[in-house]
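Asker: For reference, the structure I am asking about is given below.
The values are calculated or read from the model by the stated rules, or taken from the named source; none is laboratory data. Keep in mind that what you see is a predicted model, and the values were worked out from it rather than measured. Every residue, glycine as well, gets a Cβ built from its backbone with ideal geometry; the counts of neighbours run over all protein chains shown. Accessible surface areas use protein heavy atoms only, side chains included; no ligands, DNA or RNA. Shrake-Rupley method; radii C 1.70, N 1.55, O 1.52, S 1.80 Å.
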Amino acid sequence: LCCCEYVDRRGRRNHLAACCCDCEELDDGCDRWLTCKSLPPGALERIADTIADRLRVPWFSGAVKINISLVPPLVLLPVFLHVASLHFLLGLIILTSLPVVVLWYYYLTHRRKERTLFFLSLGLFSLGYMYYVFLREVVPRGHVEYSQVVALTCGLILMLAALSRAKKDPGYLPIPAGNEKPSHQGLPNKSVRGSSSGLYGISGAGSSRAVNGEAKGYCRMSAEQPEGVKKDWCTKCQLVRPARAGHCRLCGRCVRRLDHHCVWINSCVGEQNHQAFILALSFFMLTSVYGITLTLHTICRGQSLFVALLYCPGAYSDYSSALSFTCVWYCSIVTAGMGYILLIQLLNISYNVTEREARLALRDNTGRRLLGGLVIDTGQYNRGLLCNWGHFLSLGSSPPQRSAEDIV
């Protein structure tokens with residue numbers, strides 16, 4: 001294939017120059033729309049699949065397909081921010097509607113159990129564009145020192161490095177080979193009940209004392225599985241999951257110590273990447289707050305941080321200041337949302353509970369609401385603040401060797 005050729009979804013050789021050819025379904029849809037006729041079932045889906053298949057860019061070994069969910073943030077975010085900088089009322093309307101639109105799209109994709117790169121694209125492009133505005137509009141004013149720019153850049157690099165680590169394997173359980181049936185010989189044969197949500201387990205006396213595998217030896221009590229915690233069978237992956245593992249319906253895989261599926265990294269948060277996820281959130285909070293502070297001290301000199309955020313006279317006197325002030329408010333909205341996520345995560349770690357376990361406890365009414373409902377204590381793995389944090393900091397490390405005395 002040349003750089004402009006590709007093999008389409010029907011297995012035929014095609015060319016980028018022919019992107020508008022053979023559009024019978026689109027032509028038929030337009031004709032029906034003009035004549036006020038209803039579309040046949042599945043017509044919109046086929047049109048969307050055709051458009052997504054032809055949205056490509058030239059590449060060395062053939063045209064590469066572009067995920068259509070990457071495009072809206074790259075196009076709409078700069079347009080919305082520049083329009084919001086024209087007037088205070090426009091900024092108020094746009095900055096209020098943006099979180100509503102993002103939440104609506106989240107619930108739409110979550111209900112359909114669809115994975116999307118929209119949120120990851122929005123987050124990464126927002127970081128890049130805010131950094132560009134900072135260097136283009138704020139630094140040339142001369143009130144930001146070189147060391148402050150270096151500190152902000154280092155924070156951004158560290159955050160991206162932690163995000164890259166969080167995007168890796170969260171701790172997927174290996175899927176058995178398709179031609180091999182998982183063995184049940186080592187399992188109690190009293191009752192095996194299928195479950196994809198981790199609510200039902202394998203009953204029997206032998207399973208109540210199974211090794212947890214997640215405590216990593218920071219506390220001798222937490223190194224063993226608590227009473228009543230059982231392994232369970234996943235009907236989706238056809239395997240026996242260890243304690244605290246769960247099946248993600250978006251990824252279609254079982255993950256060790258599944259916390260939740262994060263749309264911002266388009267991956268699950270589990271045993272292997274939970275630490276990197278917390279680190280990425282922490283670096284983001286520090287970098288974002290620092291960038292907001294530098295920008296407000298530049299365009300609203302002589303005012304405190306919170307006063308300048310609410311009242312900055314002269315912010316809309318010129319377009320450069322208006323764009324910087326609008327980006328500050330956009331960053332503040334995003335930072336507030338990420339700060340809430342980080343707060344919940346830190347509280348959950350302090351009580352050694354995952355988001356998945358908290359949701360199940362709320363549904364089954366088996367947990368205690370603490371701190372005004374911010375955290376749900378299930379009581380299964382809580383061994384105290386220090387032991388809980390020691391357990392979290394040891395996630396992903398190799399389990400300690402147990403002596404013969406401990407085994408006996």
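Listed here are the residues, each with its yes/no results for (1) of a type outside the set (D, E, K, R); (2) surrounded by 13 or more Cβ atoms within 10 Å (Cβ to Cβ); (3) modelled with pLDDT of 80 or more; (4) touching a helix residue (DSSP H, G or I) at 6+ places or on another chain (Cβ under 7 Å).
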site	(1), (2), (3), (4)
21	yes, no, no, no
24	no, no, no, no
27	no, no, no, no
36	yes, no, yes, no
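Asker: Can you confirm whether residue 109 is at pLDDT below 90, surrounded by 13 or more Cβ atoms within 10 Å (Cβ to Cβ) and in a helix (DSSP H, G or I)?
Answerer: yes
Asker: Read through the list (1) closer than 27 Å to residue 395 by Cβ; (2) without any contact (Cβ under 8 Å) to a residue 40 or more places away in the chain; (3) among the charged types (D, E, K, R), then give the number of the only condition that residue 355 fails.
Answerer: Just one mismatch for residue 355, condition (2).
Asker: Can you report the number of residues in the stretch 381-390 which are open to solvent by 40 Å² or more (accessible area, probe 1.4 Å) and either at pLDDT below 85 or touching a His at 6+ places or on another chain (Cβ under 9 Å) (or both)?
Answerer: Pass one, the stretch 381-390, residues open to solvent by 40 Å² or more (accessible area, probe 1.4 Å): 382-383, 385-386, 389.
Checking the rest, the ones that are also either at pLDDT below 85 or touching a His at 6+ places or on another chain (Cβ under 9 Å) (or both) come to 383.
Summing the residues that are open to solvent by 40 Å² or more (accessible area, probe 1.4 Å) and either at pLDDT below 85 or touching a His at 6+ places or on another chain (Cβ under 9 Å) (or both) in the stretch 381-390 gives 1.
Asker: If you check 306, 283, which single one turns out to be in the same structural domain as residue 133 (by the TED database) and modelled with pLDDT of 95 or more? Show your work before the answer.
Answerer: Working: 306 fails: modelled with pLDDT of 95 or more.
When all the criteria are applied, what remains is 283.
Asker: On the given criteria, is residue 121 of a type in the set (S, T, N, Q) and assigned by the TED database to the domain that holds residue 328? Please lay out each step first, then the result.
Answerer: On the way: of a type in the set (S, T, N, Q): yes; assigned by the TED database to the domain that holds residue 328: yes.
Yes; evaluated as a whole, the condition is true for this residue.
Asker: Right, next: When the residues of the stretch 294-316 are filtered to those that are outside any helix (DSSP H, G or I) and of a type in the set (Ser, Thr, Tyr), which remaining residue is surrounded by the most Cβ atoms within 10 Å (Cβ to Cβ)?
Answerer: To start, the set of residues in the stretch 294-316 that are outside any helix (DSSP H, G or I) comprises 300-304, 311-316.
Right, trim to of a type in the set (Ser, Thr, Tyr) and you get 304, 311, 316.
On the way: 304: 10, 311: 10, 316: 17.
Within the stretch 294-316, the match that is surrounded by the most Cβ atoms within 10 Å (Cβ to Cβ) is 316.
Asker: Farther than 22 Å from residue 67 by Cβ and more than 22 Å from the chain's Cα centre (by Cα), is that true of residue 136?
Answerer: Criteria met by residue 136.
Asker: Can you say whether residue 319 is among the aromatic types (Phe, Trp, Tyr), surrounded by fewer than 18 Cβ atoms within 10 Å (Cβ to Cβ), assigned by the TED database to the domain that holds residue 83 and modelled with pLDDT of 85 or more, as far as the supplied structure shows?
Answerer: yes
Asker: Consider the stretch 354-389. How many of its residues are under 18 Å from residue 342 (Cα atoms) and not charged (D, E, K, R)?
Answerer: The number of residues fulfilling the criteria is 12.
Asker: Residue 216 versus (1) surrounded by fewer than 17 Cβ atoms within 10 Å (Cβ to Cβ); (2) modelled with pLDDT under 60; (3) touching a Pro at 6+ places or on another chain (Cβ under 9 Å): which is the lone unmet condition?
Answerer: With respect to (1) surrounded by fewer than 17 Cβ atoms within 10 Å (Cβ to Cβ); (2) modelled with pLDDT under 60; (3) touching a Pro at 6+ places or on another chain (Cβ under 9 Å), residue 216 is out only on (1).
Asker: Could you pull out the residue among 393, 360, 374, 347 that is modelled with pLDDT under 90 and within 23 Å of residue 245 (Cβ to Cβ)?
Answerer: From the options 393, 360, 374, 347, the qualifying one is 360.
Asker: Just to confirm my filter: which helices (runs of 4 or more DSSP H) fall fully inside the stretch 22-101 and include at least 1 residues that are on the phi > 0 side of the Ramachandran plot and in contact (Cβ under 8 Å) with a residue 40 or more places away in the chain?
Answerer: none
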